[in-house]
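The values are calculated or read from the model by the stated rules, or taken from the named source; none is laboratory data. Since we're looking at a predicted model, the values are computed, not measured. Cβ placement follows ideal geometry from the backbone for every residue including glycine, while neighbour counts extend to all protein chains displayed. Remember, those area values only see protein heavy atoms, side chains included, never the ligands or the DNA or RNA. Shrake-Rupley method; radii C 1.70, N 1.55, O 1.52, S 1.80 Å.
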Amino acid sequence: MRVVGLMSGTSYDAVDAAACDLEVPAGGDALHLTPLGLVSEPYPAGLRNALAAALPPSATTLADVCRLDTHIGQAFGRLAVRADRELCDGRAELIASHGQTVYHWAADGRVHGTLQLGEPAWIAEATGRPVVSGFRPRDVAAGGQGAPLVSLIDLMLLRGRPGVPAALNIGGISNVTVAPRHGDPVAFDTGPGNALIDAAVRGLTGGRLAYDEDGALAAAGRVHEALLERLLAEPYYRLPAPRTTGKELFHEGYLRARLTGFGQLPPQDVVATLTRLTARTVADALRPLGATEVFASGGGVRNPTLTGMLRAELGRTALRTSEELGLPAAAKEAYAFAVLGYLTLHGLPGNAPGCTGADGPRLLGSITPGSRPLRLPAEPATAPRSLTVRAAPVPRRHQC
């Protein structure tokens, strides 16, 4: 089956569309994924500004939410059409849309609700293909954190590796999945990935820069140990797994409050300290779990200062990238949701309850029919246990 996975993460800077062929050979228990490429487009400036203005801790209105839901859905639909045309030769059979997370209601050690915008009807109307969307709420309704849902895909990718392998995604928020050979898997959000770094760069440059390109600002600064100590005192880091968080906690206002009393610190030092915070909290989360190798993905992988600090914090634990597992670091989450959409369409659970804390396996998401009558494929006799990535015939990546 040819599937397009759509994703926009907590950094809300762009929409990614990754296309792949998915199949389970007869009698097998491995899902075979052949990547077909990635297309990516930034949100239009007006939409990105409206989204930023509506996110916590800002106040918003239902009119704003309605407009965002529509405009995000239209942006996803346009990119899905492009991905079908450029990557699938017009033969996509399914679109899987994560949508844009705008609120993750976490309190008192549990998640009470989660909201992703990007109305799937716009995607189905634009592409004519069925759309699976709304993956997270069912896991939350079953008592889970609703995240990180990619933990199921991580476990399928890591299964059979020696030692204690771990997957790490560094987006706006960082999350890990750890798969010990003997024992239960663990997955959770470690804390901020790029969220506070991006907030600092935007604030300290008056909006001239949106992120620390190539880690240049952090590389030019020095870690302020007293500020780092204050940041590390955040209670979230001591919550037990499973735990999840978002920009509801780690936002620009949070950063301003932590900077109070330190005077005018050099901007480079602030960014260097926040970069060290991300590296330290990831390493502190992985260390007690005995991880022997870490496969990183997400936008943070493009920051050499961050990866250098992380490598130093991890010590003897090898830091690799998801490319070594066959999935590009920039596209791994979009591919993961393509797989989750495939599982939903085939009537298979898409969560790892031991990782999210849900009461059990659950079929995730809702299906919006395309232009033709919806016909569901037969449910496989067993769910695939592992994920094998096969080389793409002609890997393609496009940006606009």
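So here's what we get for this one:
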{"quantity": "Residues located in the stretch 1-52, provided they are charged (D, E, K, R) and free of Cβ contacts under 8 Å to residues at least 24 places away in the same chain", "calculated": "Asp21, Glu23"}
{"quantity": "The stretch 126-154, residues that are among the polar types (S, T, N, Q) and in contact with a His (Cβ under 8 Å, 6 or more places away or on another chain)", "calculated": "Ser133"}
{"quantity": "One residue from Lys332, Lys247 being charged (D, E, K, R), at pLDDT below 95 and either touching a helix residue (DSSP H, G or I) at 6+ places or on another chain (Cβ under 6 Å) or crowded, with 18+ Cβ neighbours inside 10 Å (or both)", "calculated": "Lys247"}
{"quantity": "Of all residues in the stretch 310-356 being without any contact (Cβ under 8 Å) to a residue 40 or more places away in the chain, part of a helix (DSSP H, G or I) and of a type in the set (A, V, I, L, M), the one that is nearest to Gly9 (Cα to Cα)", "calculated": "Leu310"}
{"quantity": "Test set (1) open to solvent by less than 40 Å² (accessible area, probe 1.4 Å); (2) in contact (Cβ under 8 Å) with a residue 40 or more places away in the chain - Leu363 fails condition number", "calculated": "(1)"}
{"quantity": "Among (1) among the acidic types (Asp, Glu); (2) part of a loop (DSSP other than H, G, I, E, B); (3) farther than 24 Å from Val111 by Cβ - the single one Asp269 does not satisfy", "calculated": "(2)"}
{"quantity": "Of the criteria (1) over 27 Å from Ala233 (Cα atoms); (2) open to solvent by less than 10 Å² (accessible area, probe 1.4 Å); (3) touching a His at 6+ places or on another chain (Cβ under 9 Å), which one Gly99 fails", "calculated": "(3)"}
{"quantity": "Conditions (1) buried (at least 19 other Cβ atoms within 10 Å of the Cβ); (2) over 20 Å from the mean Cα position of the chain (by Cα): number failed by Gly308", "calculated": "(1)"}
{"quantity": "Helices (runs of 4 or more DSSP H) completely within the stretch 165-239 that count 3 or more residues being open to solvent by 10 Å² or more (accessible area, probe 1.4 Å) and out of contact with any Leu (no Cβ under 9 Å at 6 or more places or on another chain)", "calculated": "216-220, 225-232"}
{"quantity": "Pair list, Cβ < 8 Å and 6+ apart or interchain, from the stretch 215-241 residues that are over 23 Å from Asn303 (Cβ atoms) to residues that are part of a loop (DSSP other than H, G, I, E, B)", "calculated": "Ala226/Phe262; Leu239/Gly109; Pro240/Gly109"}
{"quantity": "Residue among Ala279, Ala257 that is without any contact (Cβ under 8 Å) to a residue 60 or more places away in the chain, farther than 15 Å from Ile197 by Cβ and aliphatic (A, V, I, L, M)", "calculated": "Ala257"}
{"quantity": "Candidate set: the stretch 106-134, residues that are over 22 Å from Gln74 (Cβ atoms) and without any contact (Cβ under 8 Å) to a residue 24 or more places away in the chain; chosen: the one surrounded by the fewest Cβ atoms within 10 Å (Cβ to Cβ)", "calculated": "Asp108"}
{"quantity": "Those strands (runs of 3 or more DSSP E) lying entirely in the stretch 57-144 with at least 3 residues closer than 30 Å to Leu249 by Cβ and not hydroxyl-bearing (Ser, Thr, Tyr)", "calculated": "94-107, 110-117"}
